[in-house]
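The values are calculated or read from the model by the stated rules, or taken from the named source; none is laboratory data. Everything numeric in this text was worked out from a predicted model, so none of it was measured. Every residue, glycine among them, receives a Cβ derived from its backbone with ideal geometry; neighbour counts consider all protein chains shown. Just so you know, the surface numbers come from the protein's heavy atoms only, side chains and all, with ligands and any DNA or RNA stripped out. Shrake-Rupley method; radii C 1.70, N 1.55, O 1.52, S 1.80 Å.
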Amino acid sequence: MDLFKIKNSKFFIFFTLGLLIFLQGIFILPVLDRDEARFATATKNMLETGDFIDIELEGVKRYKKPIGIYWAQSFTTNLLGSEPYDKIWTYRIPSLLGIMLSILLVFYSTKNIYGENIASTAIVLLSCSFLLITEIHQAKSDGLLFLCINVCNFLLLYSLKNKGRNIKRNTILLFWIFLAFGTLIKGPIIFIYCIVPVIVYTLFKGNNELKIFFKNYLGYIVYFSIVLPWFILITIKSDWFFWKESLGHDLFKKIVSSQESHGFLPGYYFISFYLFFWPGCIYLFPVIRSFYAKIKKFEINQENLFLVCIIVPGYLVYELIPTKLPHYILPIYPALSILVAVFLNENSKNTQILLRPIYLPLFIVFPILIVSIHTFAIYEFSFFDLYFFILIFLFVVIILFCLNFFKRKKLKEFLMFALLFQTLNYFSIIYYLNPNLEKLWIAKNISNYSDLYKNYEIFHYGFNEPSLVFMMGHKSKRKSIEDLKDIINNKKEFLFFVSGHESDEFMKFSRDNENFKFVESFIGYNYSQGKYISTSVFKNHGSH
């Protein structure tokens, strides 16, 4: 039985529809705190200053990551955007391209190595994963790094398929070029997913089938020719401060302790699969059991073994590191999707194995969680309306169809409705939750309000999230309370946004000053800090 047999023309339609769907979120979602806004703002600073070597955010050096992602975002924003470069979608294009090109690469590479059925099943599982969907919409380094890692690993996998024979020099150089790009994007992280798997595979197999990639000295020359110039320039320009910050402060501290409230115990990533790798997560236990048995008996083929070597070392490294974020293990998702697809296709004639009742709780966790999150979000930050109940009804109908196909042992239909559920979830987030959760978009609300006073000089205090800096850096200045008090006495027209408790003091001041008046206030929810915050708007009338 074929699970998914997507021919090239059908895959192109599938890919195009996916691109069109994702583009909507790219354009519609406001800038997100904190990492996306930080990356985009640092890139915006490059475009404004013309300095494409150094990395700054509000006058402070930002040396957590190398230059690669900033160059990519600068290119797409300069090409597609215009001053003041405050359209976040232009900064998201590298992530979109990185992940969409990866989907193309995974499909065609897997098709050549494993066949069309496994490739099609793997790409459906990968495209359904919530982690991939979230990362494609964020202007960060992970989407582009994802592409570099996939290019390197599938070149290695292709070499294994051909037993290291007839590998052209251009293929080897392509490996080193993308290894270099990955290094420029996120430093040594690419080694965990591309070099460590080769070492583990070679030690386990006891052969040197992949040595052809590392015996070519021209590859090393190409790699260092791409990587070294910027690292040398930034070392000179920062007087070694870049290395102290990026390796000593950022990377080392993440290894030895949790950073920015992102610390979790080992086991976090395995649990996260049931949220971010749904519905493929349903088969994690049988897949682990199946491939462990094959490895134990030395019955696993070399391509599958290499995929295991991509997954296990990277997964274990990040489980042991105290600082944990879901996207850290995104690079293992393609390999995991392929192995799940291999398992499903190997057992496609025995749906009793694939649709055992014991798997049902693993399936239902994600849909229930999504429906619960939608309900809580509307209850907490908005109000229930007719559209909410229609959405919940559609979610329930799709879940019931999934359960029906599960009970009837129809795996293809079961997975297709899981894909439909994820599609509805996506559209719900973009077109329903996004506009109804205005309380979450504090920076957007401040920016929109300031547009009503185009001739006024704008100042803000209290809400200092990177999203506000990105959206209003060209038209607003952050001032301390004392600075604002001095500015109030000026006869010019100013608009003040004061967030937090300090607004009470300004409220008292407005009662005693005829030129300085309270306009209005609004409540927002700072999701980065997990608390509500009130923002008051004051206006200095000047001569009016």
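General remarks:
- Of all the listed residues (LYS324, LYS296), the sole one being surrounded by 19 or more Cβ atoms within 10 Å (Cβ to Cβ) and at pLDDT below 95 is LYS324.
- Which listed residue, of GLU380, GLU438, GLU413, GLU346, is of a type in the set (Asp, Glu) and in contact with a Gly (Cβ under 9 Å, 6 or more places away or on another chain): GLU438
- Region 386-406 residues that are more than 17 Å from THR423 (Cβ to Cβ), paired with ones that are open to solvent by less than 20 Å² (accessible area, probe 1.4 Å) and at pLDDT below 95 (beta carbon under 9 Å, 6 or more apart): LEU403/PHE363; LEU403/PHE414; ASN404/PHE414; PHE406/LEU355; PHE406/TYR359; PHE406/PHE363; PHE406/PHE414
- Within region 141-159, residues that are within 13 Å of ILE189 (Cα to Cα) have Cβ atoms under 8 Å from residues that are outside any helix (DSSP H, G or I) in these pairs: SER141/LYS65, counting only partners at least 6 apart in sequence or on another chain.
- Qualifying residue in region 33-42 (condition: open to solvent by 30 Å² or more (accessible area, probe 1.4 Å), modelled with pLDDT of 95 or more and among the aromatic types (Phe, Trp, Tyr)): no
- Cβ-Cβ under 7 Å pairs, at least 6 apart or on other chains, region 415-427 side under 21 Å from THR351 (Cα atoms) and of a type outside the set (D, E, K, R), far side outside any helix (DSSP H, G or I) and open to solvent by less than 30 Å² (accessible area, probe 1.4 Å): LEU415/PRO279; ALA418/PRO279
- Flag if ASN78 is within 30 Å of ASN350 (Cβ to Cβ) and without any contact (Cβ under 8 Å) to a residue 60 or more places away in the chain: no
- Output for region 129-142, where each listed residue is hydrophobic (A, V, I, L, M, F, W, C) and out of contact with any Pro (no Cβ under 6 Å at 6 or more places or on another chain): PHE130, LEU132, ILE133, ILE136, ALA139
One line per residue, one yes/no per condition, for (1) open to solvent by less than 20 Å² (accessible area, probe 1.4 Å); (2) in a helix (DSSP H, G or I); (3) within 28 Å of LEU420 (Cα to Cα); (4) modelled with pLDDT of 95 or more:
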| residue | (1), (2), (3), (4) |
| --- | --- |
| ASN117 | no, yes, yes, no |
| LEU132 | yes, yes, yes, yes |
| ASN153 | yes, yes, no, yes |
| TYR158 | no, yes, no, no |
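- When restricted to residues that are in contact (Cβ under 8 Å) with a residue 24 or more places away in the chain and either touching a strand residue (DSSP E or B) at 6+ places or on another chain (Cβ under 7 Å) or not aromatic (Phe, Trp, Tyr) (or both), region 347-379 contains 18.
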